[in-house]
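The values are calculated or read from the model by the stated rules, or taken from the named source; none is laboratory data. Please read these numbers as outputs of a predicted model, since none were measured by experiment. Virtual Cβ from ideal backbone geometry, glycine too; neighbours counted across all protein chains shown. For the accessible areas, the whole protein counts, side chains as well, though only heavy atoms, and no ligand, DNA or RNA atoms are used. Shrake-Rupley method; radii C 1.70, N 1.55, O 1.52, S 1.80 Å.
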Amino acid sequence: AQSVAQPEDQVNVAEGNPLTVKCTYSVSGNPYLFWYVQYPNRGLQFLLKYITGDNLVKGSYGFEAEFNKSQTSFHLKKPSALVSDSALYFCAVRDVRTNSGYALNFGKGTSLLVTP
Amino acid sequence: NAGVTQTPKFRVLKTGQSMTLLCAQDMNHEYMYWYRQDPGMGLRLIHYSVGEGTTAKGEVPDGYNVSRLKKQNFLLGLESAAPSQTSVYFCASSMTRVYTEAFFGQGTRLTVV
């Protein structure tokens, strides 16, 4: 089965500090990994994805993610956090099984709180 | 470009009532999905469709039905609402390539009392 896990329910970081939101995956075959962000009372917005190639993926709003095959991880990072980054972050993996519709399987989400 | 549009945005139902949630996308995507979001559980797949006229069950399909009569629309029905179906419902669509991202609607907050 294709699945991801987000081990932290909440991450707190001070504005200006680097942030990391963790994600580990379990897949058969090549992983297709995604990060989404959800602001209060809004839908999910795509941040970035890993398909193949460079292990460091750059995305929207200054976010990046590091793919580590040996540790089966895909952690989301940002060098300097902003208060406006406070939101709910979801890691997801594409289901590549036949007839799966390539649905996304999501982690439970990590709430990021950036304090001034 | 509207993307994925869901209607309604909010709804309160009484137990046993029925309703239909509408999802419309204008990106000519083949694949469409319905998810529900509950606190601490992430998003769980209810049903999905890989094309007009086709639907399939996801992880939590019980109590829901879907239809995809037109490529751009994906309807989610609750025939007899239960309090356990109180949730936020999201529709999404994507192209048929495994490496493409999915696009989400703004969600429908449903409360069943």
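The C-beta contact set for segment A:33-61 (first residue within 17 Å of B:Q37 (Cβ to Cβ), second residue of a type in the set (K, R), distance under 8 angstrom, 6+ apart or interchain) comprises A:F34/A:K49; A:F34/A:R94; A:W35/A:K49.
In summary, B:E101 fulfils each of the numbered conditions (1) out of contact with any Leu (no Cβ under 9 Å at 6 or more places or on another chain); (2) surrounded by 15 or more Cβ atoms within 10 Å (Cβ to Cβ) with the single exception of condition (1).
Restricting the first member to segment B:20-45 and to residues that are within 23 Å of A:Y89 (Cβ to Cβ), and the second to residues that are among the charged types (D, E, K, R) and part of a loop (DSSP other than H, G, I, E, B), the beta-carbon pairs closer than 9 Å and six or more apart or on different chains are B:G40/A:D9; B:G40/A:K108; B:M41/A:K108; B:G42/A:K108; B:R44/B:E59; B:L45/A:D95; B:L45/B:E59. Quick one: A:S70 ticks every box in (1) within 12 Å of chain B (Cβ to nearest Cβ); (2) open to solvent by 50 Å² or more (accessible area, probe 1.4 Å) bar one, so which box is it? Going through the list (1) within 12 Å of chain B (Cβ to nearest Cβ); (2) open to solvent by 50 Å² or more (accessible area, probe 1.4 Å), A:S70 breaks only (1).
Please work out if B:F90 is within 14 Å of chain A (Cβ to nearest Cβ) and open to solvent by less than 40 Å² (accessible area, probe 1.4 Å). Considered against the rule, which asks whether it is within 14 Å of chain A (Cβ to nearest Cβ) and open to solvent by less than 40 Å² (accessible area, probe 1.4 Å), B:F90 comes out as yes. Note on segment B:29-40: among residues that are open to solvent by 30 Å² or more (accessible area, probe 1.4 Å) and touching a strand residue (DSSP E or B) at 6+ places or on another chain (Cβ under 9 Å), the one that is nearest to the other protein chains (Cβ to nearest Cβ) is B:Y31. Filtered by the rule that a residue be at pLDDT 95 or above, open to solvent by less than 50 Å² (accessible area, probe 1.4 Å) and in a loop (DSSP other than H, G, I, E, B), segment A:9-31 gives A:G16, A:C23. Within segment A:49-60, the only residue that satisfies the criterion of being at the interface with chain B (Cβ under 9 Å from one of its Cβ atoms), surrounded by 11 or more Cβ atoms within 10 Å (Cβ to Cβ) and either over 11 Å from the mean Cα position of the chain (by Cα) or not basic (K, R) (or both) is A:I51.
Screening the candidates B:V66, B:V4 for the property of being β-branched (V, I, T), open to solvent by 20 Å² or more (accessible area, probe 1.4 Å) and under 24 Å from A:N99 (Cα atoms) yields one hit, B:V66. Taking the criterion of being assigned to a strand (DSSP E or B), buried (at least 17 other Cβ atoms within 10 Å of the Cβ) and of a type outside the set (V, I, T), the residues of segment A:88-116 that qualify are A:L88, A:Y89, A:F90, A:C91, A:A92, A:R94, A:L104, A:N105, A:F106, A:L112.
Within the bounds of segment B:57-69, is there any residue that is polar (S, T, N, Q), under 24 Å from A:A92 (Cα atoms) and in a strand (DSSP E or B)? Within segment B:57-69, not a single residue is polar (S, T, N, Q), under 24 Å from A:A92 (Cα atoms) and in a strand (DSSP E or B).
With respect to the stated conditions, B:L75 is more than 14 Å from chain A (Cβ to nearest Cβ), assigned to a strand (DSSP E or B) and in contact with a strand residue (DSSP E or B) (Cβ under 9 Å, 6 or more places away or on another chain).
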